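The next block holds one structure in the form of structure tokens; read it before the comments.
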Amino acid sequence: MTTELCRGRPSEWWWTGDDGNRLATMICRRCTSCPDDDPSPHGVIRRGVAYSNAGRPLPPCPSCDAPNTSYRGGAVRPCDRCAVPNVPIPDLAGSREAQIAGSVARGLTDRQIGAQLGLEAETVRKLRRTYGIRRRPAQVAMPS
């Protein structure tokens with residue numbers, strides 16, 4: 001049996017929440033030197049098991065296998081490091097409508113607006129009509 005594999009390694013790895021937790025857990029699973037007499041380990045990894053600050057065993061993250069410090073009971077979900085943040089996706093149509101309306105208000109032609117947005121002038125004209133954006137009579141561009 002292998003003993004004391006943790007000796008000489010950074011002690012921070014064994015405090016839950018550290019970036020070295022995954023390696024510490026793997027080392028601990030192969031090692032037998034931790035004492036069994038620690039009645040309530042809090043916020044550490046002992047014998048391959050990570051414990052919360054309240055002394056409860058933490059499950060591994062299903063994505064990265066590190067101790068899941070965000071676990072609060074129930075189904076095990078990815079840890080805070082692996083979880084995809086809930087970021088709102090911008091409304092492309094609303095954004096494009098606002099860009100076209102602003103450009104029309106500044107007096108730009110459909111061709112100029114299209115050049116800014118990477119669209120054909122005809123596409124800008126169709127979008128303007130779809131969005132109900134009209135030019136003022138004084139702003140009507142004469143065909144060239």
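Return the pairs, sorted by first residue and then second, in which the second residue is surrounded by 12 or more Cβ atoms within 10 Å (Cβ to Cβ) and hydroxyl-bearing (Ser, Thr, Tyr), the first residue lies in the range 1-20 and is in a loop (DSSP other than H, G, I, E, B), the beta carbons are less than 6 Å apart, and the residues are 6+ apart or on different chains.
Final answer for the pair search is THR3/SER33; GLU4/SER33; THR16/THR69; GLY17/THR69.
Only one of GLY55, GLY8, GLY20 is open to solvent by less than 60 Å² (accessible area, probe 1.4 Å) and at positive phi; which?
Answer to the check: GLY55.
Which one of these does LEU108 not meet: (1) surrounded by 14 or more Cβ atoms within 10 Å (Cβ to Cβ); (2) more than 30 Å from GLY132 (Cα to Cα)?
It is condition (2) that LEU108 fails.
Report yes if some residue within the range 115-130 is open to solvent by less than 60 Å² (accessible area, probe 1.4 Å), among the hydrophobic types (A, V, I, L, M, F, W, C) and touching a residue at least 40 places away in the same chain (Cβ under 8 Å); otherwise report no.
no
Inside the range 69-81, can you point out the residues that are open to solvent by less than 50 Å² (accessible area, probe 1.4 Å) and without any contact (Cβ under 8 Å) to a residue 12 or more places away in the chain?
GLY73
Would you please name the residue that is modelled with the highest pLDDT, looking only at residues in the range 1-26 that are acidic (Asp, Glu) and over 15 Å from HIS42 (Cα atoms)?
Checked the range 1-26; the qualifying residue modelled with the highest pLDDT is ASP19.
Being part of a helix (DSSP H, G or I), β-branched (Val, Ile, Thr), under 30 Å from THR130 (Cβ atoms) and out of contact with any Asp or Glu (no Cβ under 7 Å at 6 or more places or on another chain) is the requirement here; does ILE100 meet it?
Taking the combined requirement at face value, the residue satisfies it.
Quick one: PRO60 ticks every box in (1) at pLDDT 90 or above; (2) farther than 30 Å from ASP19 by Cβ except a single one, so which number is it?
With (1) at pLDDT 90 or above; (2) farther than 30 Å from ASP19 by Cβ applied to PRO60, the lone miss is (2).
Kindly evaluate SER70 against the criterion of being of a type in the set (Gly, Ala, Ser), more than 30 Å from LEU127 (Cβ to Cβ), part of a loop (DSSP other than H, G, I, E, B) and touching a Gly at 6+ places or on another chain (Cβ under 8 Å). It would help to see each step written out before you state the result.
Numbers: of a type in the set (Gly, Ala, Ser): yes; more than 30 Å from LEU127 (Cβ to Cβ): yes; part of a loop (DSSP other than H, G, I, E, B): yes; touching a Gly at 6+ places or on another chain (Cβ under 8 Å): no.
No, not satisfied.
Read through the list (1) open to solvent by less than 30 Å² (accessible area, probe 1.4 Å); (2) among the hydrophobic types (A, V, I, L, M, F, W, C); (3) in contact with a Lys or Arg (Cβ under 6 Å, 6 or more places away or on another chain), then give the number of the only condition that ILE133 fails.
(3)
Among the residues in the range 25-47, are any under 24 Å from GLY8 (Cα atoms), within 22 Å of the chain's Cα centre (by Cα) and open to solvent by less than 50 Å² (accessible area, probe 1.4 Å)?
no
Please give the number of the condition VAL84 fails out of (1) of a type in the set (A, V, I, L, M, F, W, C); (2) open to solvent by less than 70 Å² (accessible area, probe 1.4 Å); (3) closer than 30 Å to CYS28 by Cα.
The number of the failed condition is (2).
Taking ARG96, is it open to solvent by 90 Å² or more (accessible area, probe 1.4 Å) and in contact (Cβ under 8 Å) with a residue 12 or more places away in the chain?
No; evaluated as a whole, the condition is false for this residue.
The values are calculated or read from the model by the stated rules, or taken from the named source; none is laboratory data. The structure presented is a predicted model; accordingly, all values stated were derived computationally and were not measured. Cβ coordinates were reconstructed from backbone atoms using ideal geometry, including for glycine residues, and neighbour counts include every protein chain displayed. To get the accessible areas, we keep the full protein, side chains included, count just its heavy atoms, and leave off ligands, DNA and RNA. Shrake-Rupley method; radii C 1.70, N 1.55, O 1.52, S 1.80 Å.
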